[in-house]
Amino acid sequence: MEPQTTLSHYQIFNKVAETGNISCAAKELFISQPAISKAVKKLEAELNTTLFSRSSRGVRLTEEGKLLYEYTREAFRALSEGEVALRQFSRLGIGHIRIGVSTTLCKYLLLPYLKEFVAAHPHIRFTIQCQSSFQTMELLREGKVDIGLIGYPENLHGLSFFPIGEIEDVFVATKAYLENLSLREGLSPQGDELLLAGNLMLLDEKNITRLYIDNYLASHHIRTGQILEVSSMDLLIEFARTGLGIACVIKEFVQEDLADGQLSLLPLSSPVKRREVGFSFAKNHELPKSAQRFLTFVSERRDGTYPQC
């Protein structure tokens, strides 16, 4: 069976059209003149038309040939530009990374890594989608983000997890709030009873952190009273600072407040177990090279502590 027309046939046609001479085209393409003539005749046969008018001086495009040349010229120009762009992509490390992350983890964990990575790889573009970890996991499964920074969930469901450290959930309030609550309720300023008597501030229920804390409270039979649900960790911290109640926050994110006494820890009979945070990605989606490079970068720099903001 005769082979069908290939890209090389169009490449030969395009070069003959450019030079107007089969001999010149053969020299530029390092192909024999008979092979050039055969390829042109093959293309004409496949297209059922005459592309060149031939004379002793060389060849000239027919009307049909001029029409085809308009397209082959643009096609090979686009291919050439693509090769240049690809070489530049490799040389400059150009890429695009789509990351899903909660606002809190973005501010306290992701941004410090990004700051250093972008300085070293200025040609990589980022798209950051801030939403809950549950939503990030769905975006990963749907292939709408490449990697997600999340707290370790109970079930990954087709996702891989690359830990970068641990966090500790704690209950904090101002010293004045705890003292006034203890005085009013006749309780010790330390203990689980304050979670029942006080205004407890938690993240809303569509959140991995909230699910983790709910499971902790239930498993330790700790009763709670009035609950104020808040949409972000930053708001929880601010509400705690203003003395609105007892907030469940991540200890690593309020270290300065604890150190300067603006916030105080509420000692519990059973502290909340530390949990992992890290980057997750879908097992059935190949990671872009730029995303792989970023994860390698994070892996080389993580040492069990958190980068300074």
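Only residues that are modelled with pLDDT under 95, part of a loop (DSSP other than H, G, I, E, B) and either surrounded by fewer than 19 Cβ atoms within 10 Å (Cβ to Cβ) or in contact with a helix residue (DSSP H, G or I) (Cβ under 6 Å, 6 or more places away or on another chain) (or both) were counted across the range 202-242, and they come to 12. Please specify each residue of the range 51-86 satisfying the condition of being in a loop (DSSP other than H, G, I, E, B) and loosely packed, with under 15 Cβ neighbours inside 10 Å. If the condition is that a residue be in a loop (DSSP other than H, G, I, E, B) and loosely packed, with under 15 Cβ neighbours inside 10 Å, then S56, R57 are the ones that fit. With respect to being within 30 Å of S264 (Cβ to Cβ), modelled with pLDDT under 90, in contact with a helix residue (DSSP H, G or I) (Cβ under 7 Å, 6 or more places away or on another chain) and not in a strand (DSSP E or B), L187 fits the description. Scanning the range 98-135 for residues that are over 15 Å from I164 (Cβ atoms), in contact with a strand residue (DSSP E or B) (Cβ under 6 Å, 6 or more places away or on another chain) and either in a helix (DSSP H, G or I) or in the same structural domain as I237 (by TED's automatic domain parsing) (or both) yields one hit, T103. Among the numbered conditions (1) in contact with a helix residue (DSSP H, G or I) (Cβ under 8 Å, 6 or more places away or on another chain); (2) under 18 Å from F297 (Cα atoms); (3) modelled with pLDDT under 90, the only one that I99 does not meet is (3). Any residue in the range 193-201 that is closer than 30 Å to E300 by Cβ, in a strand (DSSP E or B) and either assigned by TED's automatic domain parsing to the domain that holds S133 or touching a strand residue (DSSP E or B) at 6+ places or on another chain (Cβ under 8 Å) (or both)? No, the range 193-201 contains no residue that is closer than 30 Å to E300 by Cβ, in a strand (DSSP E or B) and either assigned by TED's automatic domain parsing to the domain that holds S133 or touching a strand residue (DSSP E or B) at 6+ places or on another chain (Cβ under 8 Å) (or both).
The values are calculated or read from the model by the stated rules, or taken from the named source; none is laboratory data. Since we're looking at a predicted model, the values are computed, not measured. Every residue, glycine as well, gets a Cβ built from its backbone with ideal geometry; the counts of neighbours run over all protein chains shown.
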